[in-house]
Amino acid sequence: VSSWFGVSVNRQGHVVALTLPSNNLRGCLPDSVGSLRYLEELDLRLNQISGLIPHGLAFCFSLKKLHLQMNKLSGSIPNGIEELTDLVVLDLRSNSLQGEPPYNAFKNLQNLRYLGLYSNLLAVNRQQLLTILPSCKIVL
């Protein structure tokens, strides 16, 4: 696995990063991504990934950077995002996400420094986000 393109592992052989931007990846992101418990970075920006953000991501407890911008994701941002308390970057710009962001879930993301929600179909209350995440740069 350590020799695979776009895959980084730690000394114990656990996958810590999947960096596959601009690879023309298609299809849905599987819920089994949650089995990557040591994953710190998931960068799948600029692909053709469709479907929902998998609830399994909530089990990637070590995740610090999540780059899913410029894909074809739909549905809402799952509440399970609240489990990702180490998250520093959450970039979901330029998809087709809808509904309201899970404000209560965002309250647990106190390490978040960048939140990209621009160019989606989300009903966002900017002031509420700024109140919940005062140290975060928010791009709407």
| request: Please build a GNM for the chain, connecting alpha carbons under 10 Å apart, and tell me which residue among Gly34, Gly99, Gly116 fluctuates the most. | output: Gly99
| message | For region 74-130, I need the span (max minus min coordinate) of the C-alpha atoms along each principal axis, in Å, sorted largest to smallest. | response | 25, 20, 18
| So what is the calculated 222 nm ellipticity per residue for the chain, using -39500 (n - 2.57) for each DSSP H run with n of 4 or more, over all residues, to the nearest 500 deg cm²/dmol? | -1500 deg cm²/dmol
| message | Explain nothing, just the number: relative contact order of the chain, from Cα pairs under 8 Å at least 6 residues apart, as a whole percent. | response | 16 percent
| request: List every residue whose amide H lies under 5 Å from the amide H of Leu52, counting only residues 5 or more places away in sequence or on a different chain, with H placed 1.01 Å from N in the peptide plane. | output: Ser74
| task | Throw me the Rg/Rh for region 47-93, computed over C-alpha atoms with Kirkwood Rh, two decimals. | result | 0.94
| query | Kirkwood Rh over Cα pairs of the chain into Stokes-Einstein at 20 °C, 1.002 mPa s: D in µm²/s? | reply | 142 µm²/s
| field | Estimated FRET transfer efficiency when R0 is 30 angstrom, pair Leu25-Glu100 (beta carbons, to 0.05) | value | 0.60
| remark: Using a 1.4 Å probe on heavy atoms of the protein chains only, the accessible area for His55 in Å², nearest 10, reads 120 Å²
| Which of the trypsin sites (Lys or Arg not before Pro) across region 17-100 are loop residues per DSSP, with 14 or fewer other Cβ within 10 Å? | Arg37
| field | region 1-79, accessible surface, carbon-and-sulfur percent (1.4 angstrom probe) | value | 55 percent
| field | Whole-number accessible area per residue in Å² for region 1-51, which is evaluated in the context of all protein chains at 1.4 Å | value | 61 Å²
| query | Quick one: how many Å² of Tyr114 are accessible to a 1.4 Å probe, rounded to 10? | reply | 50 Å²
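The values are calculated or read from the model by the stated rules, or taken from the named source; none is laboratory data. Everything numeric here is computed off the predicted structure, so don't read it as measured data. Please note: Cβ atoms are built from the backbone with ideal geometry, for glycine as well, and neighbour counts cover all protein chains shown. Side chains included, ligands, DNA and RNA excluded: accessible areas come from the protein's heavy atoms. Shrake-Rupley method; radii C 1.70, N 1.55, O 1.52, S 1.80 Å.
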